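Quick note: the coordinates plus some simple rules give every number you see, no bench work behind them. On a predicted model such as this, the values are computed, not experimentally measured, just so you know. Note that we place each Cβ from the backbone using ideal geometry, even for glycine, and neighbour counts take in every protein chain shown.
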Amino acid sequence: MSAELPEYYFRVRENGALVFRVDTQNRQRRIDMDQIAVVNIRNGEIKPHGDRILSQADLAAIQTWMDERHEVLAHRDIDDIHRAVDYMNLTTQWAQSRATPEQLEEVTDALLLAMHDLRSVLVRKKADRLMKGE
């Protein structure tokens with residue numbers, strides 16, 4: 001662990017984070033984490049915890065974290081899609097070379113419906129982009 005801890009700790013949760021101020025300046029030289037806010041990443045809401053009043057430094061640190069978190073989540077989204085393409089290719093190879101008739105019977109309808117749904121959305125979105133001249 002590095003010698004200097006960050007001033008804030010963000011405990012990530014599904015829709016944002018709990019924000020803690022990290023304090024190591026006490027007589028016992030232990031780490032104290034004092035919750036100061038709750039952040040909702042989806043709607044950008046920052047709620048002070050309890051009766052707290054957040055300083056400009058608190059708000060700036062939280063906003064910086066939110067901006068960085070949005071970037072991380074956007075990167076993960078596109079990475080997940082690239083992985084889905086890989087999985088589709090691996091699934092095709094599996095169906096072609098290793099799948100038993102029983103295994104194919106188990107997954108064929110679900111795969112066909114999911115692929116049809118995806119194809120419909122992609123074709124519609126592509127047509128929309130072409131119509132807009134993108």
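With volume of the Cα convex hull per residue in Å³ as the read-out, I listed (i) 245; (ii) 235; (iii) 91; which label goes with the value calculated from this structure?
(ii)
Between Thr24 and Arg52, what length in nm is gained on full extension when 0.36 nm per residue of separation is reduced by their alpha carbon distance?
Extending this stretch completely gives an extra 8.1 nm.
Return the distance in nm (one decimal) between the two label points of a simple spin-label model at Arg13 and Leu118, each offset 7 Å from Cα along Cα→Cβ.
Result for the modelled spin labels: 3.3 nm.
Report the charge-dipole magnitude of the chain in Debye, nearest 20, computed about the Cα centre from +1 at each Lys and Arg Cβ and -1 at each Asp and Glu Cβ.
The dipole magnitude comes to about 220 debye.
For Val39, Val72, Val22, what's the fewest-to-most ordering of other Cβ within 10 Å of each Cβ?
The fewest-first ordering by Cβ neighbours comes to Val72, Val22, Val39.
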